[in-house]
Amino acid sequence: MVQNVLVPLPQQKLVDIFKSLDKNGDGVLCQRELKQAFKGWGAWFPGMPTYRANRGISAADANGDRRINEAEFGDLVKYALSCGYKLN
Ligand SMILES: [Ca+2]
Ligand SMILES: [Ca+2]
């Protein structure tokens, strides 16, 4: 199912979500942290968090380091929303 309407979140909300997902506090979200993120957003069945994390990185990783920084996080969120996940 494709969700056409992407709901932009306030920048401060994005920063809050980003910080809560960055478990080791290094300022970037690695694949492991993204897997946890997608799990929390509703990708619960086996294999799906890994799949979404990899797709999300492909969609949002602008500088090619396979990690998501704050500047790239907006696109990662758009990807998650386009998949129908609810961010809270
Ligand atoms: Ca991190
Ligand atoms: Ca990156």
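For Leu29, the residues whose amide H sits under 5 Å from its own are Ile68, Asn69, ignoring neighbours fewer than 5 places away on the same chain, with H placed 1.01 Å from N. Once the Kirkwood radius over Cα pairs is known for the range 3-88, the Stokes-Einstein relation at 25 °C and 0.890 mPa s delivers a diffusion coefficient of 194 µm²/s.
How large is the accessible surface per residue of the chain, computed with a 1.4 Å probe and reported in Å² as a whole number?
Working: 5400 Å² over 88 residues.
For the chain, the solvent-accessible area averages 61 Å² per residue.
So which trypsin sites (Lys or Arg not before Pro) in the range 17-68 are both in a DSSP loop and have at most 15 other Cβ atoms within 10 Å of their Cβ? For trypsin sites (Lys or Arg not before Pro) across the range 17-68 that sit outside H, G, I, E and B with at most 15 neighbouring Cβ atoms in 10 Å, the list reads Lys23, Arg66. Using only side-chain charges placed at the Cβ, +1 for Lys and Arg and -1 for Asp and Glu, the dipole size of the chain relative to its Cα centre rounds to 340 debye. Length available on full extension from Leu87 to Lys23: 0.36 nm per residue minus the Cα-Cα distance, which gives 21.3 nm. Of all the options Asp22, Asp65, Asp75, the one that moves most in a Gaussian network model of the chain with Cα springs shorter than 10 angstrom is Asp65.
Report the calculated FRET efficiency for Asp16 and Ala62 (r = Cβ-Cβ distance, R0 = 25 Å), to the nearest 0.05. Mind showing how you got there, number by number?
Numbers: r = 21 Å, r/R0 = 0.86.
According to the calculation, E is roughly 0.70.
Over the chain, DSSP H runs of length four or greater, each weighted -39,500 (n - 2.57), average out per residue to a 222 nm ellipticity of -17000 deg cm²/dmol.
The values are calculated or read from the model by the stated rules, or taken from the named source; none is laboratory data. Because the structure is predicted, anything quoted here is derived from the model rather than measured. Don't worry about glycine lacking a Cβ; one is built from the backbone with ideal geometry, like all the others, and counts go over all protein chains shown. Surface areas here come from the heavy atoms of the whole protein model, side chains and all, with no ligands, DNA or RNA. Shrake-Rupley method; radii C 1.70, N 1.55, O 1.52, S 1.80 Å.
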